[in-house]
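Data block below; observations after.
The values are calculated or read from the model by the stated rules, or taken from the named source; none is laboratory data. Bear in mind that the values here come from a model prediction, so they are computed numbers and not experimental data. All Cβ positions, glycine included, derive from the backbone under ideal geometry; neighbour counts span all protein chains shown. Accessible surface areas use protein heavy atoms only, side chains included; no ligands, DNA or RNA. Shrake-Rupley method; radii C 1.70, N 1.55, O 1.52, S 1.80 Å.
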Amino acid sequence: MKTTLEIPDAIFRRAKSVAAERGIPLREFVTEAVKDKLVVDTKVHLRKETQKINRLIEGEFEQIEPEDRQ
C-alpha cells in the first residue's frame, strides 16, 4: 500500500542513511522499523495485562473463605 508520511528531516536523513548502509530500500527499512515497534508495543501491553491478572489472582488468594476462619 502506498501512503504519505510526514517525518522530521533529521529522522528521514538518518533512516535513509541507515537503509543505504544496510543495502536495503528505505521502504523496507521503514517497514522493518514499524514492525519492530509493533512487536515492542505488543510485548509491553501483554506485560501490563499479565501484571494486572497476577494482581487479581493474588487478591483472590488473599481473601479468606468464611469456612476457613476460626
Below 21 Å, Cα to Cα, which lysines can LYS16 reach? Residues fewer than 8 away in the same chain don't count. LYS2, LYS35, LYS37
Before rounding to the nearest 500, sum -39500 (n - 2.57) across all DSSP H runs of length at least 4 in the chain and divide by the residue total; then give [θ] at 222 nm in deg cm²/dmol. -26000 deg cm²/dmol
Take LYS48 and SER17, extend 7 Å from each Cα along the Cα→Cβ direction, and tell me the distance between the two endpoints in nm. 3.3
Alpha-carbon radius of gyration plus Dmax, which is the widest Cα pair, for the chain in Å: 23.3, 73
Counting heavy atoms of the protein chains only and a 1.4 Å probe, report the per residue accessible area for the chain as a whole number of Å². 98
What's the carbon and sulfur percent of the chain's accessible surface, probe 1.4 angstrom, rounded to a whole number? 56
